[in-house]
1. Quote the FRET efficiency, to the nearest 0.05, computed for residue B:157 versus residue A:1 with a Förster distance R0 of 25 Å and r equal to the Cβ-Cβ distance.
2. For chain A, compute Rh as the Kirkwood radius over C-alpha pairs and then the Stokes-Einstein diffusion coefficient at 25 °C and 0.890 mPa s; write the answer in µm²/s, rounded to an integer.
3. Just need the relative contact order of chain B here, percent rounded to a whole number, with Cα pairs under 8 Å and 6+ apart.
4. For segment B:1-91, take N as its residue count and report Rg(C-alpha) divided by 2.2 N^0.38 Å.
5. Count, for each residue of A:57-68, the Cβ atoms from other chains sitting within 10 Å of its Cβ, then give me the mean as a whole number.
6. Along the positive direction of the dipole of segment B:1-152 (beta-carbon charges: Lys, Arg +1; Asp, Glu -1; about the Cα centre), which of B:101, B:64, B:18 reaches farthest?
7. Find the all-direction average of the projected area of the Cα convex hull for segment A:86-156, expressing the result in square nanometres with one decimal place.
8. Could you work out the mean count of beta carbons from other protein chains within 10 Å of each residue's beta carbon in B:33-41?
Amino acid sequence: MRIKLDINGTVQEVDTEPRTTLLDCLRDNLNLKGAHAGCEHGVCGACTVLFDGEAVRSCLMFAAQAEGTPIVTIEGVSPGPGELSPIQDAFCETHGMQCGYCTPAMVLVAHALLADNPNPKREDIVDAISGNLCRCTGYAQIIDAIALAAERLRGDNRPAELRS
Amino acid sequence: MKAAPFEYSRVADIDEACALLATDDGARVIAGGQTLVPMMAMRLARPTRLIDINRIAALSYIRLEDDALAIGATTRQSLVERSALVKETLPLLAHAVPHIGHAATRARGTVGGSIANADPAAELPLIAITLDATFNVRGGGKTSDIAARDFFVGPMVTALPEGAILAAVRFPVWRGDRIGVGFHEVNARRSDFAFVSAAAQVAMKADGTCERIAIGVGAVTDFPMRLDSAEQALQGTALDDDAVRAAVSQALAGIEALEDLHASATYRQRVAIKLATRAIIDAREHAHGRPPHAH
């Protein structure tokens, strides 16, 4: 079946089977490999994408179901080629990753959280990433990364003379 | 971990979905898909056709209908979680919803889907049983109501008639100045399936006695149970800690609890007594406008 998907602001037509998950469609049909195939049954969270702004698992949805809804993948969060979003930057600075397998999903979950709650408490961050497994970091630096990104996106790191 | 092939039908209204369901024995309805899709990935489910009801706009709503809050079957759990109306009218549901899976599954998972799926450990069936919800069912061009107590038949088995689809859930709203709720569950990690869950809602009188009480326990038996005998014993009392503990222990004394590698039957029964007791005491304190006890 032919379907149209709205991915990172561009509508693309793909030919796919009904049984193809959104995850497989992104990776295999659209060559967007940033959504990672971990457990493929909704447990690990590595395949997270933003579906209408909310973090969802792309392995728990068929591509055909995603027609017409705006989707953002990790490939769509940077402001330009060779640049990083403030959240990605914060992950680099706090060493919020080791092997990188869970990282795109963690970054997208952080995007969804901070869009909804610019001033999250530590518990809010922990709760937001609680559906995403990381086998390397022990999560502490990921939490630090999201807290740092939140602070920067609020403008708290502006020069002192510019702070209100 | 890839699903077996199937046909995909996206329907515009519920009668179209029912008609398709009636013509194809292997067809299944998909709502949020947060249980069905992994079952299909593991090939534990192999529907020949998926009938996608996600785009039926008329099935997604939260609204007051007389003395009940009606929630459409495809209403996302995340919408219920954020609803001010739910917080105000169904505080017990508002307490329980954040325990369903995690944020990413609540963003897709639906109210009707969780109830029709009838997992013994799921939060929504427990709240529906505890509050005596009514399920509005559509099939064969007719609409009917099934009481929550008659709906659940066994683990993942319901009384939903063949070819019918759950359309809405109506939760009765208790009115009064001294309504209190309590909810507890135990699991290996937050967001995992509950080993035991307990919910309580009470209405207290100005003199400190209990006017009305509803107590439910989930994940312990094939489907959530009401502690009817404890409710009868506790109504009219001040819900003193000792009386609550005794009534709950008696109500759960003879049950045959579920058993699996995570939790033995004895463990489930013991924890059910603890959690139901805590839920009632929390509800009592909440009704009196006091903060919850440290249990």
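FYI, it's all coordinate maths here, none of it is from the lab. Just so we're clear, the structure is a prediction, and the values are computed from it rather than from any experiment. Using ideal geometry, Cβ is built from the backbone for each residue, glycine included, and neighbour counts are taken over all protein chains shown.
1. Details: r = 33 Å, r/R0 = 1.32.
About 0.15, to the nearest 0.05.
2. Numbers: Rh = 16.3 Å.
Rounded to a whole number, D works out at 150 µm²/s.
3. On the way: 668 pairs, mean separation 45.0, N = 295.
Relative contact order for chain B comes out at 15 percent.
4. Details: Rg = 15.7 Å, N = 91, 2.2 N^0.38 = 12.2 Å.
Cα-based Rg divided by the globular estimate yields 1.29.
5. Numbers: counts 9, 0, 4, 13, 7, 9, 1, 4, 10, 0, 2, 1.
That average works out to 5.
6. B:101
7. Numbers: hull surface 15.9 nm².
Mean projected area for segment A:86-156: 4.0 nm², to one decimal.
8. Details: counts 6, 5, 2, 1, 10, 8, 1, 5, 8.
Shielding by partners across B:33-41 averages 5.
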